[in-house]
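In what follows, a single structure is set out as structure tokens and then discussed.
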Amino acid sequence: MSDYLPASRVTRIKSSASVAAAARVRELKAEGIPIIDLTVGEPDFDTPDHIKEAAVAAIRDGETKYTSVTGTPELQTAILRKIESHTGHHYERNQLTIGGGAKQVLYVALMASLNEGDEVIVPAPYWVSYPDMVLANDGTPVIVPCGEDTGFKLTPDALEKAITPNTKWLILNAPSNPTGAVYTREELQALGAVLEEHPNVFILTDEIYDEIHFGDGRVTSLVTAAPALKDRILLVNGVSKAYAMTGWRLGYGVGPAPLIAAMNKLQSQTSSCPSSISQAAAVAALNGDQSFVRDSVEVYRKRRDAAVEGLNAINGLTVAPAEGAFYAYVNCSGVIGKTAPDGKVIENDQDFTLYLLDAARVAVIQGSAYGLGPYFRISFATSLETINAGVDSISDAVNALN
Ligand code: PMP
């Protein structure tokens, strides 16, 4: 019997840090250790009833077969309508792709476009999956640090410096996981002006958190701010975060027809189509009553405010309020170099998060997993009680440092 030898694309990448953190929390809980879990990357709400009912009806009505690779006509219409109302841009059906979550759509986009040596600009802090997705598809991630001084946002200058003749993609994610940063229309226009000078660069905008926005009005999409780039933008979104539907696995993308055709060809040979039942549920989500979205944003806002106030009251930690998504990216430079009661020195954010797990029984994710330390990410997709308990425990643990 021969041993299994993984493909080089597998050995090149790591498992997702958030998935690993969630697994660790589950393990500790299973051992009976109570953990205050602030790692969660998904809404804690249940999927709204009218969406579940649409799925049940789809099962009863026999909507249980393969659909077209690009989904049912009802889903296509619902997605294209949402995109048009959000961006002001009309897309045709041949500019639409769907998949098993935004994550899978992003992966297929890279699979459909990258050749060895192609570079992908990834502003840091980044969602943990981008660099590994690029590596798995033979590309080279080009990480561009974007510090707190620019609100963790990419500047036109930093973008210009990162572009080379090999640049294939720029990935922009707003509202951002892990910082909650949102680009203004003016900021996007300024990035757009740089991109207009570099026709080799395509732009992937990950807008999965677009509905979770604490500012006025809608989050501006790059295609709205810089319409001249429309033929080079792949806009990716899905129903996971806005409608508490992470387990339903339904995401989508709109963009230039040739890229979309390549992606759909790959989808036809990999998944055939996402679950027909999830498609019916997504139609209900996109076309139905949107009060769940508005109400949940208000709940997240209260939790964000509580988390930010509590964390800023802790000596050594600082955090600015996120403008969207459900995360706070906390600066912990003030605790680096301090000594824990057991004599261990906190050298970096990884040490600090391990200390918090040990001493405070609070699980958070170290900033180095997102490419920019020393920070840690907390999620406020959990109850106010859990957030307050977590902040109190973090405070006690920090006070115990010397
Ligand atoms: N992009 C970002 C920035 C995310 O945080 C996530 C979920 N963690 C995704 C994409 C993937 O979402 P989906 O459930 O639609 O695959």
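Working only within the stretch 57-94, note down all residues that are crowded, with 21+ Cβ neighbours inside 10 Å and touching a Pro at 6+ places or on another chain (Cβ under 8 Å).
Of everything in the stretch 57-94, just one residue is crowded, with 21+ Cβ neighbours inside 10 Å and touching a Pro at 6+ places or on another chain (Cβ under 8 Å), namely Gly71.
Evaluate the stretch 338-355: report whether one residue or more is assigned to a loop (DSSP other than H, G, I, E, B), within 16 Å of the ligand (Cβ to nearest atom) and modelled with pLDDT of 95 or more.
Scanning the stretch 338-355, I find no residue that is assigned to a loop (DSSP other than H, G, I, E, B), within 16 Å of the ligand (Cβ to nearest atom) and modelled with pLDDT of 95 or more, so the answer is no.
Name, by its number, the condition in (1) hydrophobic (A, V, I, L, M, F, W, C); (2) at pLDDT below 95; (3) in contact with a Leu (Cβ under 9 Å, 6 or more places away or on another chain) that does not hold for Val364.
It is condition (2) that Val364 fails.
Here are the criteria: (1) crowded, with 17+ Cβ neighbours inside 10 Å; (2) more than 20 Å from the chain's Cα centre (by Cα). Tell me which single one Tyr327 does not satisfy.
Here Tyr327 clears every test but (2).
Does Val254 qualify as being within 16 Å of the ligand (Cβ to nearest atom), among the β-branched types (Val, Ile, Thr), under 21 Å from the mean Cα position of the chain (by Cα) and closer than 23 Å to Asp46 by Cα? Break it down stepwise before answering.
Values: within 16 Å of the ligand (Cβ to nearest atom): yes; among the β-branched types (Val, Ile, Thr): yes; under 21 Å from the mean Cα position of the chain (by Cα): yes; closer than 23 Å to Asp46 by Cα: no.
No, not satisfied.
Results for (1) of a type in the set (A, V, I, L, M, F, W, C); (2) within 15 Å of the ligand (Cβ to nearest atom); (3) part of a loop (DSSP other than H, G, I, E, B), shown as yes or no for each residue.
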| position | (1), (2), (3) |
| --- | --- |
| Leu188 | yes, no, no |
| His198 | no, no, yes |
| Asp210 | no, yes, yes |
| Val219 | yes, yes, yes |
| Thr224 | no, no, no |
| Ile260 | yes, no, no |
| Gln269 | no, no, no |
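Quickly run through the stretch 226-246 and pick out the residues that are within 16 Å of the ligand (Cβ to nearest atom) and touching a residue at least 60 places away in the same chain (Cβ under 8 Å).
Listed by number, the residues that qualify are Leu234, Leu235, Val236, Asn237, Gly238, Ser240, Lys241, Tyr243, Ala244, Met245, Thr246.
For the structure I just gave you, tell me whether Tyr91 is more than 16 Å from the ligand (Cβ to nearest atom), among the aromatic types (Phe, Trp, Tyr) and touching a Ser or Thr at 6+ places or on another chain (Cβ under 8 Å).
When the stated conditions are applied, Tyr91 does not pass them.
If you check every pair at least six apart or on different chains, which have Cβ atoms under 7 Å apart with a residue in the stretch 103-125 that is more than 12 Å from Trp169 (Cβ to Cβ) and within 16 Å of the ligand (Cβ to nearest atom) first and a residue that is polar (S, T, N, Q) and in a strand (DSSP E or B) second?
Val105/Thr97
What tally of residues in the stretch 144-160 results from selecting those that are more than 15 Å from Leu372 (Cβ to Cβ) and in contact with a strand residue (DSSP E or B) (Cβ under 8 Å, 6 or more places away or on another chain)?
Residues that pass the stated criteria total 1.
Identify all residues within the stretch 368-385 that are modelled with pLDDT of 95 or more and part of a helix (DSSP H, G or I); write none if there are none.
Tyr370, Leu384, Glu385
Looking at (1) surrounded by fewer than 22 Cβ atoms within 10 Å (Cβ to Cβ); (2) under 24 Å from Thr140 (Cα atoms); (3) not acidic (Asp, Glu), which is the one condition that is false for Trp169?
(1)
In the stretch 1-83, which helices (runs of 4 or more DSSP H) lie fully inside it and hold 2 or more residues that are under 30 Å from Ala359 (Cβ atoms) and not assigned by TED's automatic domain parsing to the domain that holds Ser268?
Counting at least 2 such residues, we get 17-30.
Return yes or no: is Leu195 under 18 Å from the mean Cα position of the chain (by Cα) and either farther than 23 Å from Pro321 by Cα or at pLDDT below 95 (or both)?
no
The values are calculated or read from the model by the stated rules, or taken from the named source; none is laboratory data. Here the structure is a predicted model, which means the values were calculated and not measured. Cβ atoms come from the backbone with ideal geometry, glycine included; neighbour counts cover every protein chain shown.
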